[in-house]
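The values are calculated or read from the model by the stated rules, or taken from the named source; none is laboratory data. Keep in mind the model is a prediction, meaning the values are calculated, not measured. All Cβ positions, glycine included, derive from the backbone under ideal geometry; neighbour counts span all protein chains shown. For the accessible areas, the whole protein counts, side chains as well, though only heavy atoms, and no ligand, DNA or RNA atoms are used. Shrake-Rupley method; radii C 1.70, N 1.55, O 1.52, S 1.80 Å.
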Amino acid sequence: MASLSLFIFVTLAILVILFVNPTFSTSRRALEHKKVQTGFRVTLKHVDSGKNLTKFERIQRGMKRGQLRLQRLSAATTASSDAAQVEAPIHAGTGEFLMNLAIGTPPESFSAILDTGSDLIWTQCKPCTQCYDQPTPIFDPKKSSSFSKLSCNSQLCSALPASTCASDGCEYIYQYGDYSVTQGILASETFTFGDKVSIPNVGFGCGSDNEGDGFSQGSGLVGLGRGPLSLVSQLEEPKFSYCLTSIDDSKTSSLFLGSLASVNSTQKKSITTTTLTKNPSQPSFYYLSLEGISVGGTRLDIDKSTFEVQDDGSGGLIIDSGTTLTYIDGHAFDALKKEFIAQTKLPVDTSGSSGLDLCFTSPSDTSDVEVPKLIFHFNGGDLDLPAENYVVIDSSSGLLCLALGSSGNSGMSIFGNIQQQNYLVIHDLAKETLSFIPKQCDEL
């Protein structure tokens, strides 16, 4: 009888927990639901999409933007080694791809610049002290039921490179390499991506004072850097990948976040994986472990330390979706250029009309033209690029050009998006690795 009474008591207690106070069961389901929702896909559109441009013209336009971005990135590392010269740490800013998303409840759609060279997610907010013209209406936080300001003692506020504590919460200032700047209140909101996937409590900058060139392509910026403020770091599974279509392709590219960025077993046979290294003075950037470069069958005589991060924070090779061409250290590029000329049986163009560092006079029929292989030797594997990822032909001018350039004496090298096209590029922040898998990105 005593055991029966105990059984009835335990049963009633469980029923009370489940029905009278269902917090335990529903919170667990909510947590599981949120975890599922952190895997999603977003369409990316190139900033020159929809314009009547040839592949060569797109590369030239991207090259001009890329040179400015190279200056910004170089300024970022220079500023980090001499922080006293600037009021706030400097980040990359701008980019080559736009992503569509929505903010708030109810959701308001806007397009933002995708930037793997910075962390902060931000959009312009009302009321504006200084705002630029943007393609969509400026976000009004008063009209969203899910908007919330973050306190000064929040983790994300502590992660800001420069902030002040005001009466209404955590105020931020975020500066970019061309001295463009966004300032405002750090807040949290519900963001909606891709196929209506909503992620609550995403920390972002609600910018009321936003000044500078390059922002007007979108209504804000989504940082995908390695720091805690970035979108990928705020997800439960800190991993993302993208697949960029050819620069002359009218089709869109794709960004995969969280669980959808993973690699299945059938893809692992053709994968090239290298370690991500760190630069304490620039923790947002994705530095790669490049050990050398080969042109054809010749390994270039480049000191291994050329692509290593130096003690003062300079140097290193970063991978960047927002820079069109690959730029390598000046001495390394001179060696590459010399070897490429020696192995390419075409006359060198000396007019400089293309703006690229190395061009050849191309015959009208390019079907028989052979160009040497270009291989990047990473710690962990070699990346043997297809010719279309480093050579561009312009039939109108009769030029065949190398889609790489010199970064001069800046010491920094950048692995650009032309070299990444038609690869699934996987950034795994937990394992600190980066992987390349050959893909036909317009078929994903």
Quiz item: With the contact rule set at Cα under 8 Å and sequence spacing of 6 or more, what percent relative contact order holds for segment 262-311?
Solution: 24
Practice problem: With only Lys, Arg, Asp and Glu charged, each at its Cβ (+1 for the first two, -1 for the last two), find how big the charge dipole of segment 327-444 is about the Cα centre; round to the nearest 20 debye. | Solution: 220
Quiz item: From the square roots a ≥ b ≥ c of the eigenvalues of the alpha-carbon gyration tensor of segment 335-385, which class results: rounded (a/c under 1.5), prolate (a/b over b/c), or oblate?
Solution: prolate
Quiz item: Which ³J(HN,Hα) values, rounded to whole Hz and listed in residue order, are derived for segment 166-172 from phi using the Karplus coefficients 6.51, -1.76 and 1.60 in 6.51 cos²θ - 1.76 cosθ + 1.60 with θ = phi - 60°, glycine and proline given as x?
Solution: 10, 5, 9, x, 8, 9, 10
Quiz item: Largest first, what is the accessible-area ranking of Glu291, Glu370 with a 1.4 Å probe?
Solution: Glu370, Glu291
Exercise. Sort 345-351, 419-425 for me by packing, meaning the mean count of neighbouring Cβ atoms within 10 Å per residue, highest on top.
Key: 419-425, 345-351
Quiz item: Ordered by residue, what ³J(HN,Hα) values in Hz, to whole numbers, does segment 131-147 give under the Karplus form 6.51 cos²θ - 1.76 cosθ + 1.60, where θ = phi - 60° and Gly and Pro are x?
Solution: 10, 8, 6, 10, x, 10, x, 5, 5, 10, x, 5, 8, 10, 7, 9, 6
Self-check item: Listed residue (Asn409, Phe378, Thr350) projecting farthest to the positive dipole end of segment 347-412, Cβ model
Solution: Asn409
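With the Cα gyration tensor of segment 110-242 giving a ≥ b ≥ c as the square roots of its eigenvalues, does the rule (a/c under 1.5 for rounded; else a/b larger than b/c for prolate; else oblate) give rounded, prolate or oblate?
Values: a/c = 1.17, a/b = 1.07, b/c = 1.09.
Cα axes put segment 110-242 in the rounded bin.
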Quiz item: Rounded, prolate or oblate: which fits segment 166-259, taking a ≥ b ≥ c as square roots of the Cα gyration tensor eigenvalues, rounded meaning a/c under 1.5, else prolate when a/b beats b/c?
Solution: oblate
Quiz prompt | Relative contact order (percent, whole number), segment 158-217, Cα cutoff 8 Å, 6+ residue spacing | solution = 28
Quiz item: Do the alpha carbons of any pairs in Lys64/Lys142; Lys51/Lys143; Lys196/Lys431; Lys251/Lys304; Lys304/Lys431 sit beyond 32 Å of each other, and which pairs?
Solution: Lys64/Lys142; Lys51/Lys143; Lys251/Lys304
